[in-house]
Amino acid sequence: MRELYARLMARLYRASIWIAGIAIVVMTLVIPWGVFTRYVLGTGSEWPEPLAILLMIIFTFFGAAACYRANAHISVALFRDMLPPPARAALAMVVDLLMALLALFMIVWGARLVEATWHQSIAEFPWLPVGASYMPLPLGGIVTLLFIVEHAWIGPARDLAEALAADAATELD
Amino acid sequence: MDAFVLIGTLLLLIAIGMPVAYALGLASLAGAAWGDIPYEAVMIKIAEGVNRFTLLAIPFFVLAGAIMAEGGMARRLVGLAFVLVGWIRGGLALVNILASSFFGCISGSSVADTASIGTVMIPQMVKAGYPRVFATNVTICGSVQAILIPPSHNAVIYALAAGGTISIAHLFIAGVFPGLLLGASLVVLCLIIAKRENFPKGERVPFRQALRIAADALWGLGTMIIILGGILSGVFTATESAAVACVYAFLVTMFVYRDYRWSELPHLVHRTVKTVAMVMILIGFASAFGYMLAIMQLPAKLTAFFLTVSNNKYVVLFLINLLLLFLGTLMDLAPLLLICTPILLPVVRALGVDPLHFGMIMMVNLGIGLVTPPVGTTLFVGCAIGKITIEQSMKGIWPFYGAMLVTLAIVTYVPAVSMWLPSLFKF
């Protein structure tokens, strides 16, 4: 059962990275395309900018869920590391519970936001409800929650052990 | 009391090791529950936080920097720096610092800078007879320039945290002199140490060869011309320039330099996804947190408090610098920019400090935080690459801290360093 769940989560992780990866690559291509149409074709397009923003929301919430599993989020381990191991384990449990609480909030209140804005439409894409653009919030919440369950139940992702060790630092700062 | 619930919850959650982004989200919820503010409002702020066109500049700048750093750019920038300053006594230390100035033109990340320049320079310096600890410390401290020298995604983060009223173009060019000043102060320090320790001189590069190296490196520096030229002339917005820079960096790496394999690209995208998604979610939750701060009128209250302590802006800036230096030792740059800017900016604004100037103060200050223990990402990465322990690094790093603090003092108390260049460009 645990094996199966861990395997499924490994798949879900790869899927999330793919979704976010495709989103960022497409974003990087549509914006220069907008510049190209404006200066070279002289027509200008309305769609690249709002499309890139939609992709950004998808990117953020799926990518952030994957980051949780890959332990790539910035956190302060200083005080936790001063504690004896049993206390550290208990604290990790508390953090998982609080994370789950926030993920639940994203699912429930994100879904309400989707519902409330379902009948408004985006100016540039009349066929697309505003609510649909907010779908990544509850969906990302669900993925994050599944990863939190894995972390609390089975432990840190084993298929990422190598990556976890190598990617201790980010290239952000 | 409101503020106590909000800030207290945040600090507690961060202290127990919850990821900072989610701690900001949960603290906002606690604040909303306490202050009877509807959760919908918090949710909308989180969504709005990542729903802005300017924000797109961040993934694009990080991606462009990653492509160039890994695509053989770092080696070429080191080559160019060697041509220019390699022949001076202590030359390789100066090459290291200048290469970081160049690297700052393609990336805004001091961690990426340390990783890329350090991998090339530290072994080379050790081979030439420089102490390993010195070589590592030069790399670590020199890399902080990358945060200030444009383009810098951290400047975009600051602009967002400041409420989106500051022009990114102005912030970019405001960073030029503070960045160069930091580099110059480290250069002076290295010249003094090189003379005392009698470090070796390098060789002069023959003129023809020098020209070829320069031409090769110019392809990479072309990124900065696209970005700054594009933004300042009004051809592109900052976001567009960043996306065009990505495409340009990709083309140069794949078709001009041709030393990056196509099969490496998915890994590069994977790493970039993690780096960028982590900061995006941070921005989303921080915008909810900023909203709660504003509702609880915390910035106004804090401003009033600071004004009772002193209404002299130099004293207040000094106190804020001490506070930020302390926080910087404990936390990374991006989350601190996002948390502290909405709180502190109104305080200094009330005293007549320009937001551009304050942005530079924060970035120099928090940049120092990246190279100070117990939490300093750049320090950790640099020590890993230089194969020394943090303790070893600490023994030799104090003069470097001194040079950086002098830079911070000048940037804080001489506004012209940050403000002169932007004042030449009216938008």
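The values are calculated or read from the model by the stated rules, or taken from the named source; none is laboratory data. Everything quoted here is computed from the prediction, not taken from an experiment. When we count neighbours, we look across all protein chains shown, and the Cβ atoms used for this are built from the backbone with ideal geometry, even at glycine. For accessibility, only protein heavy atoms count, side chains too; no ligands or nucleic acids. Shrake-Rupley method; radii C 1.70, N 1.55, O 1.52, S 1.80 Å.
Looking at segment B:69-87, is at least one residue more than 10 Å from every other protein chain (Cβ to nearest Cβ), farther than 22 Å from residue B:198 by Cβ and aromatic (Phe, Trp, Tyr)? Looking through segment B:69-87, none of the residues is more than 10 Å from every other protein chain (Cβ to nearest Cβ), farther than 22 Å from residue B:198 by Cβ and aromatic (Phe, Trp, Tyr).
Could you check how many residues of segment A:134-156 are under 14 Å from residue A:7 (Cα atoms) and more than 13 Å from every other protein chain (Cβ to nearest Cβ)? Going through segment A:134-156 one residue at a time, the tally reaches 7.
Any chance you could count how many residues in segment B:17-54 are closer than 27 Å to residue B:238 by Cα and in contact with a helix residue (DSSP H, G or I) (Cβ under 7 Å, 6 or more places away or on another chain)? Walk me through how you get there before you give the answer.
To start, the set of residues in segment B:17-54 that are closer than 27 Å to residue B:238 by Cα comprises B:21, B:44-54.
Next, from what is left, pick out any that are in contact with a helix residue (DSSP H, G or I) (Cβ under 7 Å, 6 or more places away or on another chain): B:21, B:44-51, B:53-54.
Residues meeting the conditions: 11.
Among the residues making up segment B:311-342, a single one is among the hydroxyl-bearing types (Ser, Thr, Tyr) and surrounded by fewer than 14 Cβ atoms within 10 Å (Cβ to Cβ): B:314. Evaluate segment B:160-168: report whether one residue or more is open to solvent by less than 10 Å² (accessible area, probe 1.4 Å) and either away from every other protein chain (no Cβ under 14 Å) or part of a helix (DSSP H, G or I) (or both). No, segment B:160-168 has no match at all.
Consider segment B:372-398. How many of its residues are assigned to a helix (DSSP H, G or I) and open to solvent by 60 Å² or more (accessible area, probe 1.4 Å)?
Within segment B:372-398, the subset assigned to a helix (DSSP H, G or I) is B:377-386, B:390-398.
Pick out the ones that are also open to solvent by 60 Å² or more (accessible area, probe 1.4 Å) and you get B:380, B:384, B:391-392, B:395, B:398.
Count: 6.
Might you check whether a residue that is among the charged types (D, E, K, R) and either at pLDDT 95 or above or closer than 11 Å to residue B:133 by Cβ (or both) occurs anywhere in segment B:392-405? Among the residues of segment B:392-405, at least one is among the charged types (D, E, K, R) and either at pLDDT 95 or above or closer than 11 Å to residue B:133 by Cβ (or both), which makes the answer yes. Determine, yes or no, whether residue A:37 is hydroxyl-bearing (Ser, Thr, Tyr) and part of a helix (DSSP H, G or I). Yes, satisfied. For residues that are outside any loop (DSSP other than H, G, I, E, B) and in contact with a Ser or Thr (Cβ under 9 Å, 6 or more places away or on another chain), scanning just segment A:115-131, find the one that is farthest from the other protein chains (Cβ to nearest Cβ). Checking each candidate, the answer is A:129. When the criteria are applied in full, residue B:317 meets the requirement of being in contact (Cβ under 8 Å) with a residue 60 or more places away in the chain, more than 14 Å from every other protein chain (Cβ to nearest Cβ), assigned to a helix (DSSP H, G or I) and farther than 30 Å from residue B:19 by Cβ. Of the residues making up segment A:76-97, those that are within 7 Å of another protein chain (Cβ to nearest Cβ), part of a helix (DSSP H, G or I) and open to solvent by 40 Å² or more (accessible area, probe 1.4 Å) are A:80, A:94.
For segment B:1-43, a tally of residues being assigned to a helix (DSSP H, G or I), in contact with a Gly (Cβ under 8 Å, 6 or more places away or on another chain) and more than 8 Å from chain A (Cβ to nearest Cβ) returns 4. The C-beta contact set for segment B:247-272 (first residue farther than 18 Å from residue B:62 by Cβ, second residue assigned to a helix (DSSP H, G or I) and open to solvent by less than 30 Å² (accessible area, probe 1.4 Å), distance under 7 angstrom, 6+ apart or interchain) comprises B:257/B:71; B:257/B:72; B:259/B:72.
Conditions (1) crowded, with 20+ Cβ neighbours inside 10 Å; (2) of a type outside the set (S, T, N, Q); (3) assigned to a helix (DSSP H, G or I); (4) more than 18 Å from the chain's Cα centre (by Cα), marked per residue:
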residue	(1), (2), (3), (4)
B:226	yes, yes, yes, yes
B:244	yes, yes, yes, yes
B:249	yes, yes, yes, yes
B:260	no, yes, no, yes
B:263	no, no, yes, yes
B:276	yes, yes, yes, no
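Just to verify a result, which residue in segment A:21-44, among those that are of a type in the set (Gly, Ala, Ser) and buried (at least 16 other Cβ atoms within 10 Å of the Cβ), is nearest to residue A:63 (Cα to Cα)? If you could, list the steps in order and put the result at the bottom.
Taking segment A:21-44 first, the residues of a type in the set (Gly, Ala, Ser) are A:21, A:23, A:34, A:42, A:44.
Narrowing further to those that are buried (at least 16 other Cβ atoms within 10 Å of the Cβ): A:21, A:23, A:34.
Numbers: A:21: 8, A:23: 10, A:34: 25 Å.
Going through the qualifying residues, I end up with A:21.
Among all residues of segment B:405-420, there is none that is open to solvent by less than 10 Å² (accessible area, probe 1.4 Å), without any contact (Cβ under 8 Å) to a residue 40 or more places away in the chain and not β-branched (Val, Ile, Thr).
Of everything in segment A:157-170 that is within 12 Å of chain B (Cβ to nearest Cβ) and open to solvent by less than 60 Å² (accessible area, probe 1.4 Å), the residue that is modelled with the lowest pLDDT is A:169. Is there a residue in segment B:6-14 that is open to solvent by less than 10 Å² (accessible area, probe 1.4 Å), among the small types (Gly, Ala, Ser) and at pLDDT below 95? Within segment B:6-14, not a single residue is open to solvent by less than 10 Å² (accessible area, probe 1.4 Å), among the small types (Gly, Ala, Ser) and at pLDDT below 95. Looking for something in contact (Cβ under 8 Å) with a residue 12 or more places away in the chain, assigned to a helix (DSSP H, G or I) and either surrounded by fewer than 18 Cβ atoms within 10 Å (Cβ to Cβ) or charged (D, E, K, R) (or both) - is there at least one such residue anywhere in segment B:184-192? Taking every residue of segment B:184-192 in turn, at least one turns out to be in contact (Cβ under 8 Å) with a residue 12 or more places away in the chain, assigned to a helix (DSSP H, G or I) and either surrounded by fewer than 18 Cβ atoms within 10 Å (Cβ to Cβ) or charged (D, E, K, R) (or both).
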